[in-house]
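Presented below is the structure to which this report refers.
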Amino acid sequence: MLEPKTTPAQAPASTKRGPRVIRRGGREHTVLLGIGAVLAVLVILWGGQLDPFNQGQLTRVAIFAIAIVGLNIATGYIGLLSVGHSAFFGLGAYTTGVLVVKYEWDPLMTIPAALVVCLVVGLLVGLPALRIRGLYLAMVTLAFGVAFPEIVAHFDDLTGGAEGMTIRRQQLRPPEWSGFTLGERSQWVYWLCVVVLLIVMWIAHNMVRGRYGMAMIAVRENEIAAASSGINIAVMKVTAFGVSGAVTGVAGSLFAMYIGSLFAEGSFTLLAGITLLIGLVIGGEATRSGPLVGALAVVFVPYYAAELGQGQVAAVLFAVVLIFVIFVAPAGIVGGIAKAVRKVVVVTPRIPRKPEGTQQS
Amino acid sequence: MDIFLSRLFSGMTAGSIYVLIALALVVVFRSSSTINFAQGEFALFTTYVAWWLTERGLNIWVAIPPIIVLGFVMGALAERFLIRPVRKRDETAILIVALGLFTGLNGLDGWIWGSDEKVFPAMFPSGEDDYVSVLGARLHYDSILVWIFAAAVVIGLTVLFKRTSLGLEMRAVATNPESAALCGIKVGRILTISWGLSAAIGSLAGVMLVPTIPPGQLNLASMFQVLIFASAAALLGGLDSVKGAVVGGMVMGIGLAMINGYATFIGGSFSLTFALILIVVVLVVRPTGLYGTRRLERV
């Protein structure tokens, strides 16, 4: 989870007093990774025994982190700026809400359902991305985000329309095997969100570090060059958008379980979508722990800003921080820290093992 | 017939507002090839200022000139100090700064004036009896006023672009900033003026929007929908065409009024969804819109 250790090295180790070099997979690297893992486990355990309010805040952090991880795939890595990811968040939430309330599904089973629904819609919304780029795609997603509450209101027999939809407490009972009682629901949701967050971050990590991730970055940096290197841009863009929507949909599904009542005009408006994007930019686009930092900002900035004045202060603060970040640290907080740490410590890739019978180039 | 006419009139009134905001988008796009997502929120802010001035006892008509100036100053300052520093970097940075302005201004409105709805004073008598009868349909005075304002702005902009040296310089910058700079045009100044002009048009639209569109009250979300409709209008007409903005805005206004009036089988309002579909279809089928010029990209 600590970014500096895992950022690819940029500068080769110089002979003069350069940064300290750590080899990936070496002893120092393993120790640092171990310390990071222990710290992460401690933080998670600490969160597990907090009082309900603060634990709820951490649950929200986990939920928004998942949502921003999703947004990061489309916006951070492949460069498809999406303003309307609030719609996927809402779609996931309503999938869970409708399935639990109307069809009496087990809440846990609705997470994969939300994933599939949002994947399909994401692929559909991503289709225009084949011909539409940058500015224009942002506009399509903006319109998608604005239109979402209207669509929810339209299917009011399913979604409760403008009055919203309430999931009864009884229906969100933790499953038997978890050992949590109905009274400990917030604990259950906390652990569920943390586990899903870890899984999502692990998947995103693997996706980004692999061939697919490199292809995504290539598309973002220069589409024409990427295409001429044999990357199928159409497939990349559409699948990235679909996966991105699906992950954010999972976050929405968890949000429905956490909050218990859905209200499209409140939770899933355009402003929510912009907030996700702000979280991503503040945390750091195209970084793996940026979404977590962004989620902390998204949850706690409004909380502390509320003491300064009316609720809207948070939006002003966000705007100021956002513009500050864009000007001062375009790679976001995580990117900025990683850059600073690279002056002290760099991590080099491990030495590839020499394959038998071939010449190493 | 009279129902049709009254729907046509209300469509034209809403359309006039879309035309104005679409023109504001066009003015920015022509000069800096970007869409100002914060356009609606600039207008909302100045509209709140106008409301505040009238609460202080100022006549609404007296309040209009200062808020147009305020709009111009806001737009110009935003371009000079927020957009220009990131302009060279990439498109995404500009969009994100614009989105920052979007939430920031929206939040600022709420911070200063609260999030409850404000009753905006009418600019023209707009009671039940203030109308002229056209073939049985009621044509309210305030609708006529909005049409006149929209027409005046369209004519003004056309004259500006076609007949003045400032307009010529703006067109030159839009076509090719480097060549324009080599010809001695101060590109930066032109961009600042364009953004200011665009925000000023938006301010005018904001003051007229609130009284004419039900429920006739000002709230923080007043501009979201208008921005989407205006964007759809501008895209439909072609983002760099004044004529396109006019046609697009009117098509949107009248079209939505007719769909919501006659296509009752869909049930409820689907306006935003239609706008979304229109945006996607235009972008996929004909990205330059009806009257836009095709842009070439060198590989």
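The values are calculated or read from the model by the stated rules, or taken from the named source; none is laboratory data. Just so you know, these numbers come straight off a predicted model, no measurement behind them. Every residue, glycine among them, receives a Cβ derived from its backbone with ideal geometry; neighbour counts consider all protein chains shown. Heavy atoms of the whole protein, side chains included, go into the accessibility calculation; ligands, DNA and RNA do not. Shrake-Rupley method; radii C 1.70, N 1.55, O 1.52, S 1.80 Å.
General remarks:
- Pairwise FRET efficiency - B:A151 versus B:S33, Cβ, R0 = 30 Å, nearest 0.05: 0.65
- Of A:R209, A:R60, A:R185, the one that fluctuates the most in a GNM where chain A has Cα springs shorter than 10 Å: A:R209
- Accessible area of chain B belonging to carbon and sulfur atoms, whole % at 1.4 Å probe: 65 percent
- For segment A:179-275, the solvent-accessible area of protein heavy atoms averages 41 Å² per residue (probe radius 1.4 Å; ligands and nucleic acids excluded).
- Other residues lying with their Cβ under 13 Å from the Cβ of B:I279 contribute a combined charge of +2, Lys and Arg counting +1, Asp and Glu -1.
- Accessible surface buried once B binds A (1.4 Å probe; total of both sides; Å²): 4000 Å²
- For segment A:135-202 versus segment A:51-107, the spacing of their alpha-carbon centroids is 6 Å.
- Under the Karplus curve 6.51 cos²θ - 1.76 cosθ + 1.60, θ = phi - 60°, whole-Hz ³J(HN,Hα) for segment A:25-30, x wherever Gly or Pro sits: x, x, 5, 4, 4, 5
- What the Cβ-Cβ distance of B:V119 and B:R171 gives, at R0 = 35 Å and to the nearest 0.05, is a FRET efficiency of 0.25.
- Degrees, to the nearest 10: A:270-283 long Cα axis against longest axis of chain A: 30 degrees
- Charging the Cβ of each Asp and Glu at -1 and of each Lys and Arg at +1, and nothing else, the dipole of the protein assembly as shown about its Cα centre rounds to 3240 debye.
- Within the protein assembly as shown, DSSP assigns beta bridges of which about 65% are antiparallel (rounded to the nearest 5).
- Per-selection Rg to Rh, chain A - Cα, Kirkwood hydrodynamic radius: 0.99
- Counting Cβ atoms of other protein chains within 10 Å of each residue's Cβ and taking the mean over peptide A:149-155 gives 4.
- Residue-count net charge about B:K88 - beta-carbon cut-off 15 Å; Lys, Arg +1, Asp, Glu -1: 0
- Think of each Lys and Arg Cβ as +1 and each Asp and Glu Cβ as -1; about the Cα centre, that makes the dipole of segment A:214-361 roughly 680 debye.
- Put simply, when A:220-229, A:245-254, B:59-68 are sorted by average Cβ atoms within 10 angstrom per residue, most first, you get A:245-254, B:59-68, A:220-229.
- Relative packing of A:339-350, A:89-100, A:233-244, B:164-175, which averages over residues the other C-beta atoms within 10 Å, highest first: A:89-100, A:233-244, B:164-175, A:339-350
- The order of A:H29, A:H154 by accessible area, most exposed first and with a 1.4 Å probe, is A:H154, A:H29.
- Between the helical axis of A:185-209 and the longest alpha-carbon principal axis of chain A there is an angle of about 40 degrees.
- Sites A:S261 and B:L182, calculated FRET efficiency, Cβ-Cβ separation with R0 45 Å, nearest 0.05: 0.15
- Accessible surface for A:S178 stands near 30 Å², nearest 10, in the context of the full protein assembly shown (1.4 Å probe).
- Spin-label model, A:F324/B:R294: points 7 Å from Cα along the beta carbon direction are separated by 4.8 nm.
- Charging the Cβ of each Asp and Glu at -1 and of each Lys and Arg at +1, and nothing else, the dipole of chain A about its Cα centre rounds to 1960 debye.
- Computed over the protein assembly as shown, the per-residue total of -39500 (n - 2.57) for DSSP H runs of n ≥ 4 gives a 222 nm mean residue ellipticity of -22500 deg cm²/dmol, rounded to 500.
- Mean shadow area of the protein assembly as shown over all directions, Cα convex hull, nm²: 34.8 nm²
- Ranking B:I277, A:T166, A:V238 by how far each Cα lies toward the positive end of the dipole of the protein assembly as shown (charges on Cβ) leaves A:V238 at the top.
- For peptides A:138-144, B:112-118, sequence by mean Cβ density within 10 Å, most packed first: A:138-144, B:112-118
- Per-residue average of Cβ from other chains inside 10 Å of B:80-92: 3
- Net charge contributed by nearby residues that have their C-beta within less than 14 Å of B:G244 (K/R +1, D/E -1): +3
- Whole-angstrom gap from segment A:233-248 to segment B:12-60, using each part's C-alpha centre: 35 Å
- Close Lys pairs in chain A (alpha-carbon distance under 26 Å; sequence gap of 8 or more, or different chains): 6.
- Working from Cα pairs under 8 Å separated by at least six residues, relative contact order for chain B is 35 percent.
- Computed extension gain for A:R131 through A:K102, at 0.36 nm per residue and net of the alpha carbon distance, reaches 6.6 nm.
- Net lengthening on full extension, A:A225/A:L182 (0.36 nm per residue, minus Cα-Cα): 9.9 nm
- For B:107-118, mean number of other protein chain Cβ atoms within 10 Å: 4
- Partners for B:K162 among lysines (Cα-Cα distance below 30 Å; same-chain residues under 8 apart left out): B:K88, B:K186, B:K243
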